[in-house]
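Only one structure is covered here, and it is reproduced in the block below.
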Amino acid sequence: MIPEIEKASLAQIKAVQEQELKKLISYLDTHSTYYQGVFAKHNILPSTINTLEDLVKIPVTTKEQLQQFNDDFICVPKSEIIDYVTTSGTLGEPVTFALTDNDLKRLAYNEAISFACAGVQKEDVMQLMTTIDRRFMAGIAYFMGARELGAGIIRVGAGIPELQWDSILKFKPTYLIVVPSFLLKLIKYAQEHDIDLNASGIKGAICIGESLRNQDFSLNTLAKKIKDNWNIELYSTYASTEMNTAFTECSEQQGGHHHPELIIVEILDDHNCPVPPGEVGELTVTTLGVEAMPLLRFKTGDMVKAHTSPCACGRNTMRLGSVVGRKKQMIKYKGTTLYPPAMDNILNDFNEVENYIIEIFHNTIGTDEILIKIGTQSPTEELLHDIKDHFRAKLRVSPKIEFHDKKDILKLQFPKLSRKPVIVIDKRKTE
Ligand SMILES: [Zn+2]
């Protein structure tokens, strides 16, 4: 199940996107209260938006606008809405997203071709290790994608290593859909219970929520820890509720492939202009074929790098590398620009670090400060020294570090109603 467009030439891909863009602009002009307002305010005639280059004539859409005018983005009457989901709201208020029947079909198609990109076939069985409810879009997308592809799916949900293993041994799935750090818990459980990991029949894991690779596509510490114990293929996938679309790695594992029939991608600088090819910028998306809540030039807040060389898998579509960081979490620290994921990679190198929280705040003179609270059972001077040295070696700077009880860190990581652990607490916004 590989759409023809993925192997089409770049010119053909552009032509398809421009055709879809024109449909979208005309649709928004007719159905979207929010974008009708934008077009009127900025004197944009829908007939003047015909090419991808024309996009820069249109203002970007920010998360704040989406929060503030949430209902104005909905293009269909309530009676057409089937599924209601919310964004996780890691940064700011959650946004409501509505999906029509056609949007759910589009989501199923998106996930089916994403699974197919990672090599999943009809004969495969996947074990779903994320929640399918709690107003979460991805879980239902995985289920519908498997169904569309004709593959089997076992909905175990998040957590509970014992139930996960019971299910793996009972139903013999071939792929796991999982947050990669949870694989470490599955490995630990297997080792403690005499389960032979490499005889489990698992071929690969579709990994969400955390990155597996450095910017040069080599495995990061987390991925290495997994692969050292369990010989399975790891595929990164990057997606968000706002995009209604996923970027999933193929067999070459060189970044997540773009589905050009579903989304237009721009990588923008601070002035909302495209960055030079190969440079890091903010991922900005225009959704194609979405009925209930299409977005035009939506700034995702994620800093990424696009790779445009043809892939050895035969696809010509653009690939996205691991997210370098959240734009809002960019830290200027002692003259260096940092993002929390770079700190995650360093902390994951230490087995003694059981969990941690990265706090970012302004000091008395208004510049950024970083305090890392680490949960460990061996709070020694030596460990502190080693961690600080590792920071200096990798990032040139070393933040403040405090040791805490693992349980206290766990409490900070899971505030009420949180669907996923909070690793970064950015106090700069609330000061
Ligand atoms: Zn590829």
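Taking every protein chain into account, the accessible area of the range 1-138 amounts to 50 square angstrom per residue (probe 1.4 Å). The convex hull built on the alpha-carbon positions of the range 318-431 has an orientation-averaged projected area of 8.8 nm².
Size of the range 267-341: Rg and Dmax of its alpha carbons, in Å, are 14.4, 47.
The order of 378, 32 by accessible area, most exposed first and with a 1.4 Å probe, is 378, 32.
Run the accessible area of the range 1-324 with a 1.4 Å probe and give the carbon-and-sulfur part as a rounded percent.
51 percent
On full extension, the segment bounded by residue 125 and residue 162 gains 11.4 nm, given 0.36 nm per residue less the C-alpha separation. Dimensions of the range 77-214 along the principal axes, based on C-alpha atoms and rounded to the nearest Å, stand at 55, 35, 31, largest first. Peptides 250-256, 107-113, ordered by how many other C-beta atoms sit within 10 Å of their residues on average, highest first, read 107-113, 250-256.
In the context of the full set of protein chains, the range 330-429 has a per residue accessible area of 57 Å² (1.4 Å probe).
If both residues of a DSSP beta bridge must be in the range 1-324, then about 65% of such bridges are antiparallel.
By the Stokes-Einstein formula, at 1.567 mPa s and 4 °C, the chain with its Kirkwood radius over alpha-carbon pairs has D equal to 57 µm²/s.
Taking all protein chains as shown and a probe of 1.4 angstrom, residue 428 keeps an accessible surface of around 40 Å². Among 309, 114, 47, the sequence by solvent-accessible area, most first, with a 1.4 Å probe is 47, 309, 114. Note: relative contact order over the chain, using C-alpha pairs below 8 Å and six or more positions apart, is 13 percent. Ranking of 330, 129 by solvent-accessible surface, largest first: 330, 129 (1.4 Å probe, protein heavy atoms only, all chains present).
If you place +1 on the Cβ of every Lys and Arg, -1 on the Cβ of every Asp and Glu, and leave all else neutral, what size is the dipole of the chain about its Cα centre, to the nearest 20 Debye?
280 debye
The values are calculated or read from the model by the stated rules, or taken from the named source; none is laboratory data. It should be emphasised that the depicted structure is a prediction, and the values quoted were computed from it without experimental measurement. Positions of Cβ are backbone-derived with ideal geometry, glycine not excepted, and every protein chain shown enters the neighbour counts. Protein only, heavy atoms only, side chains kept; ligands, DNA and RNA dropped before computing areas. Shrake-Rupley method; radii C 1.70, N 1.55, O 1.52, S 1.80 Å.
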